[in-house]
Amino acid sequence: MELLVLINALVTRLLFVLHSLVGVWRVTEVKKEPKYWLLALLNLLLCLEAGLTLKFKQGKGYKWFSPAIFFYLISTVPSLWLLETDPETQVFLIYLKEISENGFFHS
């Protein structure tokens, strides 16, 4: 296996895992509950995929489907969804609250 292919495969998956961990960290900070760290376990799928890809495919991906991106989305989307459903992170609601407190709405 070429060294450059190996490095590219590992760096890509490392960046995926780091970004997912940042999302999980952000959820635990916003929700103030450490149980959300369990979302980080979804990264094990990405690590498993990396090992299998490096062993059996020699670091080369598939032509029409990328399991790495699929598992990255599986590990990232729940964090994003939890952040989007939290009222404190919705900028529009905060904006409306500030406007209503400052008296810009006339009744």
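A compact table of results
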| read-out | value |
| --- | --- |
| Those helices (runs of 4 or more DSSP H) lying entirely in region 1-85 with at least 1 residues in contact with a Lys or Arg (Cβ under 8 Å, 6 or more places away or on another chain), touching a residue at least 60 places away in the same chain (Cβ under 8 Å) and exposed (fewer than 13 other Cβ atoms within 10 Å of the Cβ) | none |
| Subset of region 65-96 (residues that are within 24 Å of residue 51 (Cα to Cα) and either modelled with pLDDT under 85 or in contact with a Leu (Cβ under 8 Å, 6 or more places away or on another chain) (or both)) | 68, 71, 72, 74, 75, 78 |
| Some residue of region 29-50 being hydrophobic (A, V, I, L, M, F, W, C) and touching a Gly at 6+ places or on another chain (Cβ under 7 Å) | no |
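The values are calculated or read from the model by the stated rules, or taken from the named source; none is laboratory data. In this text, all values refer to a predicted model and were calculated from it rather than measured experimentally. Note that each Cβ is placed from the backbone with ideal geometry, even for glycine, and that neighbours are counted across all protein chains shown.
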